[in-house]
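Take a look at the structure set out below.
The numbers here are math on the coordinates, done by the rules we state, and not lab data. On a predicted model such as this, the values are computed, not experimentally measured, just so you know. Here the Cβ positions follow ideal geometry from the backbone for every residue, glycine too, while neighbour counts run over all protein chains shown.
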There are 2 protein chains.
Amino acid sequence: MRGFDQSLPMALLKAREAAMSRFRPLMADHDLTEQQWRVLRALAAVDDPIDVGELVDRTVLLGPSLSRILVNLDHRGLIDRTVAAHDQRRTLVSLTALGESLVSRVAPHSEEAYHQIETAYGTDRLHRLLGELSALETALATPPSPTRSTEGTP
Amino acid sequence: MRGFDQSLPMALLKAREAAMSRFRPLMADHDLTEQQWRVLRALAAVDDPIDVGELVDRTVLLGPSLSRILVNLDHRGLIDRTVAAHDQRRTLVSLTALGESLVSRVAPHSEEAYHQIETAYGTDRLHRLLGELSALETALATPPSPTRSTEGTP
DNA sequence: TATTGTTATACTCTATAACTATA
DNA sequence: TATAGTTATAGAGTATAACAATA
């Protein structure tokens, strides 16, 4: 087996850990977990309310995890949840004014941390890396070619 | 704030999630969590027993998490733990024959998944990406330059 | 009958602190 | 007094299944 250091998941984990160490203190200042912040940022990035299923995709969280996080953020007055008019099974989620205000307060510090990363690693280089990560995701999104041994198994 | 899609932590998370989806089934087949497998792989990658502190660094796990994982793997007969002769505070960890055998059984499937990733994304390209991730980690390992506003705070 | 979202349940990991033993 | 590791504790997320409401 290839070396542990050459493991792609491990390399991605370590890189992410290094990056998150710059952002985690900002979230802690506002009593937000990493996942809660992901939800708030995803909501801040869209203009219109989006449903829970779309949030699942954008935040890379499981449905049950997201459900509980939404309850939490709702209780804190940071988000609104309304039933969609055109399909009453769907829940539309959006930031409240309070939620937007919170994101706005964290944003400049987040931007500063990002700037530090660009300075340390290189702005263009970081941009290229993001492109490669996106390409990797696309390449892996295509399901693996089934091995003959399991093909046709019921 | 920059777009959610251009967030480095998010891009690393999604890429990792895409990669892990190829490996996770292999671990599930042997009732191993992702973290337990990280420990076994880290141990398989070294020739001599290593202490817990070194394992913490190599696996990117917290001490208490690792401690409990080691208890679990010990009970399953996959690892040995012995007190270091030169410093009795240290615990040296190594794979048992059973542990090595388990890693050996998983390895070929892991290698196959890796090969699929290389095929989908490109072998050289993947190699370059690993280099960039390592460089990013190094760049971020240097602590951020302190901002003037917090400098000198007791 | 299928889909959307929530709830139930069991398990694991995270994170911080406190503790034990050794240096 | 400092260090290595474990144990304690609280909290959150993961993962699967089951469920209610709607389509």
Of the options A:135, A:101, A:79, report the single residue whose Cα projects farthest towards the positive end of the charge dipole of chain A (beta-carbon charges: Lys, Arg +1; Asp, Glu -1). A:135
Give me A:4, A:23 ranked fewest to most by other Cβ atoms within 10 Å of their Cβ, as a rough exposure proxy. A:4, A:23
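Please tell me the relative contact order of chain A in percent, rounded to the nearest whole number, where contacts are Cα pairs under 8 Å and at least six residues apart. Spell out each step's value before the answer.
On the way: 93 pairs, mean separation 28.9, N = 154.
Answer for chain A is 19 percent.
In the calculated pair distance distribution of the protein assembly as shown, what percentage of Cα-Cα distances lie above 31 Å? All intermediate terms of the calculation are to be shown ahead of the outcome.
Numbers: 19878 of 47278 pairs.
Tail of P(r) above 31 Å: 42 percent of Cα pairs.
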Quick one: net charge around residue B:84, please, counting Lys, Arg +1 and Asp, Glu -1 for every other residue with C-beta under 11 Å from its C-beta. +1
Estimated distance in nm for a label pair at residue A:82 and residue A:123, the labels positioned 7 Å out from Cα along Cα-to-Cβ: 4.0 nm
With only Lys, Arg, Asp and Glu charged, each at its Cβ (+1 for the first two, -1 for the last two), find how big the charge dipole of chain B is about the Cα centre; round to the nearest 20 debye. 420 debye
Local net charge near residue A:31, Cβ-Cβ under 14 Å (Lys/Arg +1, Asp/Glu -1): +1
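Given a Förster radius of 25 Å and the C-beta distance between residue A:54 and residue A:107 as r, what FRET efficiency does 1/(1 + (r/R0)^6) yield to the nearest 0.05? Write out the running numbers ahead of the final one.
Values: r = 22 Å, r/R0 = 0.89.
My answer for the efficiency is 0.65.
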Put in order of increasing Cβ neighbours within 10 Å, starting from the fewest, B:26, A:136 give B:26, A:136
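Determine the shape class of chain A: with a ≥ b ≥ c the square roots of the Cα gyration tensor eigenvalues, call it rounded for a/c under 1.5, and otherwise prolate if a/b is greater than b/c, oblate otherwise. Write out the running numbers ahead of the final one.
Details: a/c = 2.22, a/b = 1.18, b/c = 1.88.
Since a/c reaches 1.5 but b/c is at least a/b, the shape of chain A is classed as oblate.
Taking beta carbons within 10 Å but only from partner chains, what does the mean come to for residues B:51-60? Can you show the working numbers first?
Details: counts 0, 0, 0, 0, 0, 0, 0, 4, 3, 6.
Mean number of neighbouring Cβ atoms from other chains: 1.
What value, in deg cm²/dmol to 500, does the helix sum -39500 (n - 2.57) over DSSP H runs of n ≥ 4 give at 222 nm once divided by the residues of chain B? Could the numbers behind the result be given before it?
On the way: 6 runs with 97 residues, N = 154.
Calculated at 222 nm, the ellipticity per residue is -21000 deg cm²/dmol.
Just order B:11-17, A:113-119 by mean Cβ neighbour count inside 10 Å, highest at the front, would you? Please list the in-between numbers first.
Details: B:11-17: 21.9, A:113-119: 16.7.
Averaged packing, sorted descending, gives the order B:11-17, A:113-119.
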Calculated FRET efficiency, residue B:75 and residue A:28, Cβ-Cβ r, R0 51 Å, to nearest 0.05? 0.90
